[in-house]
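Below: one structure, written as structure tokens.
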Amino acid sequence: MKKLLFGLIILGLTIQTYAQVTKVEKLSEVVIAATNYKYLTNVGIENPSVPVTKLEQKVANYDLKSSEIYNDEYDEYTVSFHIPVGTILAAYDKDGNLLRTIERFTNIVLPREVLESVAIEYPNWIFDKTVYLVNYHDNKNTTKKYKIRLKKGDETIRIKCDAYGNFL
């Protein structure tokens, strides 16, 4: 009796699985285009700060044509992106391509190369304030530099270095 009851339950569950009819629909083609890939490769490779990286990705993925500021009459658009630790001012052309950016971030995580070179050159100094500056141009070199304020007791010094720890 148990076998018969168990068999009927199994049979009842398997019949329901065959009762479902699936309808095959053809979906429209999806095209993924990375229009601002050069920006991300020039700016965001060695930056260990998560908020900076996320904001740079937002700038690269910004869809100008679907924004409310878009109008066919203008050739260039300036859009400002803000987070608590910094700002990016980005210029786009009328097709949505990123032309240039000016970026400024304060007190972010520094790359290992910068930390090591400053620690070797200025032992026993404490990081007081850091500013990360980036200037990206589509057809020119991208400049990235750090302005660092160090303290040791009552003394304060300011230094500048690039993203690889070379002093400027």
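The values are calculated or read from the model by the stated rules, or taken from the named source; none is laboratory data. The model shown is predicted, which means the values in this text are computed figures rather than measured ones. As a convention, Cβ positions derive from the backbone with ideal geometry for all residues, glycine included, and neighbour counts pool all protein chains shown. For accessibility, only protein heavy atoms count, side chains too; no ligands or nucleic acids. Shrake-Rupley method; radii C 1.70, N 1.55, O 1.52, S 1.80 Å.
Observations
- Some residue of segment 129-148 being at pLDDT 85 or above, buried (at least 17 other Cβ atoms within 10 Å of the Cβ) and farther than 17 Å from Asp162 by Cβ: no
- Residue in segment 101-113 that is farther than 30 Å from Tyr62 by Cβ, open to solvent by 30 Å² or more (accessible area, probe 1.4 Å) and at pLDDT 90 or above present: no
- Leading residue by the ranking (surrounded by the fewest Cβ atoms within 10 Å (Cβ to Cβ)) among those in segment 81-100 that are more than 23 Å from Thr41 (Cβ to Cβ) and out of contact with any Phe, Trp or Tyr (no Cβ under 9 Å at 6 or more places or on another chain): Pro84
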